[in-house]
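Data first, discussion second: the structure below is written as structure tokens.
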Amino acid sequence: MHTVEMLERLLALASQMGYVIRQEWLGGSGGGECQFGGRRYIFVDLALNVVEQLEQVATVLRNDP
């Protein structure tokens with residue numbers, strides 16, 4: 001499976017788990033999970049390459065209770 005396809009699948013899974021997905025240009029210094037307003041968000045840093053984005057999302061999902 002290609003990295004881009006895996007990222008798309010993990011983002012779809014995260015959405016099904018109740019996360020709001022935000023893909024933003026964060027300059028390579030941010031990203032990850034946060035909660036506010038009673039909702040859970042995953043911020044994917046578009047300044048990172050696809051492998052790094054995949055790792056960001058996978059880390060959030062791995063740590064989800």
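The values are calculated or read from the model by the stated rules, or taken from the named source; none is laboratory data. Predicted model, so just to flag it, every value in this text is computed and none were measured. Positions of Cβ are generated from backbone atoms using ideal geometry, with glycine treated the same way; all protein chains shown enter the neighbour counts. Side chains included, ligands, DNA and RNA excluded: accessible areas come from the protein's heavy atoms. Shrake-Rupley method; radii C 1.70, N 1.55, O 1.52, S 1.80 Å.
Before moving on, here are some points about what is shown:
- Surface composition of the chain: carbon plus sulfur atoms contribute 51% of the solvent-accessible area (1.4 Å probe, protein chains only, all chains present).
- Of every Cα-Cα pair in the chain, the percent that sits beyond 18 Å: 28
- Here's the picture: charge each Lys and Arg Cβ at +1 and each Asp and Glu Cβ at -1 in the chain, and of ALA58, LEU7, TYR19 the one pushed furthest to the positive end of that dipole is TYR19.
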